[in-house]
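Report on one structure; see the data block that follows.
The values are calculated or read from the model by the stated rules, or taken from the named source; none is laboratory data. The structure displayed is predicted, hence computed values, not measured ones. Neighbour counts are summed over all protein chains in view; Cβ atoms, including those assigned to glycine, are modelled from backbone coordinates with ideal geometry. Side chains are part of the model used for accessible areas, which takes the heavy atoms of the whole protein and leaves out ligands, DNA and RNA. Shrake-Rupley method; radii C 1.70, N 1.55, O 1.52, S 1.80 Å.
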Amino acid sequence: MKRTIITSILAIVIGMAAAEAQPYFRHGHGSGPRRPQHETYYRGNNGYHSSFVPYKGFLELGYAAGIGDNRADRLDILTTHGLQVSSNTFVGIGGGLSVSFNNDEYDRHDDYYDYHTTGVSIPLYVDFRFGNVVPSRSSFVQPFFDMKIGAQFRVSDDTLVVGRGYYDGTNSFYMSPSVGIRIPTGGKSAVNLAATYNLTTHRIADWSGNSYYCDEVKGLSSFGVRLSFEW
C-alpha cells in the first residue's frame, strides 16, 4: 500500500513538471521565445529587478530513511508559499503531511497500550531558500540550499514505536535542510531535486523490563531525497 501511494504521487508531480516544461524544451534548451510572465519576472538582461517581488509556490514530495537507535522512515508531502525577495533569496511559510514508518521488530507488548508502526504528523515551518533563480547563460542547472525550521504536530492517536521505545507527547521541533539542483522548465517554474536531512525532537518513552521512563528529549534523524515542483 505504501509503495502504491508513493508511486502515484511521484507520477502526478512528474506529470505536472513535464506538462509545464514542454513549451520550454520544444525550442531546445530554452533558446526559443520566452513566456510573457518570464519577461515580466526578469526585467532586462542585467538580471533581477529588485523593485518587483513575485510570489512563488512549491509542491514537494520526499522520502527519508531513519537512522539511530530510535528511528522511523518518513514520507513527506509539503507545500510552501512565499516571496522571491531577491535574485537568490526566497522566504516563505509552509506545511504538509508527514507519515512515519517503523519496520523494526519490537519485543514489548501490553494490552493496555495500543502500539503501532505508522504515525501521521503535520509539520509547519518557515522556509529559507538560497540560490540564483535567474537562468544562467553558462549553466542550465542551478544549485540551491534550502532550510525549513518549525514544529511538527502528531495528529494520529496511534502510539508510534521507534526503535527502543515509543513517542510520548504530540509536539516536536522540526528542522529540514536540503541541498540540491534546480532545473528551469520555462517562465518561473522549475523542477528541483535535493538530498535532505530531517530532524525532529521528541520525548521518547523507553521500556526496560516491565517499566518505562521518559526523562529526556531525543532527536529522530533521517536522510533522504526530495522532489519538488515550483511555479
(request) Take the Cα of H116, step 7 Å along the line toward its Cβ, and report every residue of region 56-77 whose backbone nitrogen sits under 19 Å from that point. (result) 71-77
(request) Mind grabbing the accessible area of I93 for me, 1.4 Å probe, Å², rounded to tens? (result) 110
(request) Would you please give the residues with an amide H less than 5 Å from that of R71, counting only those at least 5 places away or on a separate chain, with H modeled from the backbone geometry? (result) G163, R164
(request) Sticking with the crude label model, points 7 Å out along Cα→Cβ, report the distance from W231 to I67 in nm, one decimal please. (result) 3.6
(request) Just reorder L59, L83, L78 by solvent-accessible area, largest first, 1.4 Å probe, all chains present. (result) L83, L59, L78
(request) Go through R154, R129 and list them by solvent-accessible area, largest first, probe radius 1.4 Å. (result) R154, R129
(request) Please work out how much length the chain gains when fully extended from L97 to I149, using 0.36 nm per residue of separation minus the C-alpha to C-alpha distance, in nm with one decimal. (result) 17.2 nm
